[in-house]
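Below: one structure, written as structure tokens.
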Amino acid sequence: MSLFRLDASIRVEGSASREIADIVEREWRAGNPDAPVTRRHVGTEPLPADAWGAAVAGSYLPAEQRTPEQAGALALAATLTDELVDAEALLFAVPLYNFGISQHVKTWVDLVITDPRMGPRAEPPLAGKPAVLAVVRGGNYSAGTPREGWDHATSWLRRILADVWQLDLRVVERDFTLVGVNPALDSFTELAAELKATAEREAAEHGRLLSSTRVAA
């Protein structure tokens, strides 16, 4: 059972989203010790920002009329889609940046959707595949907090992954990752520790389910 993993943190070290995803992968690996993992680090190794526009423009042209940039962008989109289609399980680690989805993840999603297999008129090739989305947020955006509703990324990711691509999606979320970093949040130290422990337990559970779930034939 092969795994595709997307990491979107811009941090080389100390990434909270990577820590949660590592727990998921560890549990998945326990059930699939020899299985291959394909990794895509769009945060530290971002895709070209102009690739999406080139891929869109090139998709309307016959192959012989495409510019080298358009042909390259469409080839990249095909590679990104191959990584998803070829995997039997998927793991996405995506932090919240500036209340929304990061440009790195948006570029990746937009490029994937330019591939004909992932377009709006195609039968979703990822339908039913098990997937885990690990979301981390520096503050707390849950119901009843002052910034309830400020997280504009997680619902969008659910829409793309679960509704558009039709993945069998499970989500693990961790808030207050900036406690201990931002002194203004020091009063939430105990709560942050509880939320971290809960997220780690859920990540382990999701990882075990990811390991055991198979797509129906």
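The values are calculated or read from the model by the stated rules, or taken from the named source; none is laboratory data. Everything numeric in this text was worked out from a predicted model, so none of it was measured. Each accessible area value is taken on the protein alone, full model and side chains, heavy atoms only, with ligands, DNA and RNA left out. Shrake-Rupley method; radii C 1.70, N 1.55, O 1.52, S 1.80 Å.
Amide H to amide H, which residues 5 or more places from F4 or on other chains are under 5 Å from it, using H placed in the peptide plane?
Placed amide hydrogens put T38, E88, A89, L90, L91 under 5 Å from F4.
HN-Hα J couplings of the range 84-95 from phi, Karplus 6.51/-1.76/1.60, θ = phi - 60°, integer Hz, Gly and Pro as x?
6, 5, 6, 7, 9, 9, 9, 9, 10, 10, 10, x
Averaged across orientations, what area in nm² does the convex hull of the alpha carbons in the range 56-123 project? Walk me through the intermediate numbers first.
Numbers: hull surface 23.2 nm².
Quarter of the Cα hull surface area: 5.8 nm².
Which whole-Hz ³J(HN,Hα) couplings does the range 187-202 yield from phi under the Karplus relation 6.51 cos²θ - 1.76 cosθ + 1.60, θ = phi - 60°, glycine and proline marked x?
Karplus values, whole Hz, x for Gly and Pro: 5, 9, 4, 5, 4, 4, 5, 5, 5, 5, 5, 5, 5, 5, 5, 5.
Apply the Karplus curve 6.51 cos²θ - 1.76 cosθ + 1.60, θ = phi - 60°, to the phi angles in the range 68-82 and return the couplings in whole Hz, x for Gly and Pro.
x, 5, 5, 5, x, 5, 5, 5, 5, 4, 5, 5, 4, 5, 4
If amide hydrogens are placed 1.01 Å from N in the peptide plane, which non-local residues have theirs closer than 5 Å to the one on Y97?
For Y97, whose amide H was placed from the backbone, the distant partners under 5 Å are S102.
I'd like the accessible area for L195, computed on protein heavy atoms only with a 1.4 Å probe and all protein chains in place. Round to 10 Å², please.
50
Roughly speaking, to the nearest percent, how much of the range 68-217's 1.4 Å accessible area is carbon and sulfur?
On the way: 3900 of 7320 Å².
The computed percentage sits at 53.
Using helices alone, I'd like the mean residue ellipticity at 222 nm for the chain: each DSSP H run of four-plus residues gives -39500 (n - 2.57), total over residue count, nearest 500.
That calculation yields -12500 deg cm²/dmol at 222 nm.
Just the number please: accessible area per residue for the chain, 1.4 Å probe, all protein chains included, in Å².
Accessible surface, normalised per residue, equals 50 Å².
Hey, can you grab everything whose amide H is under 5 Å from the amide H of R174? Only 5+ residues off in sequence or another chain; H modelled, so Pro and N-termini drop out.
V135, V136, R137
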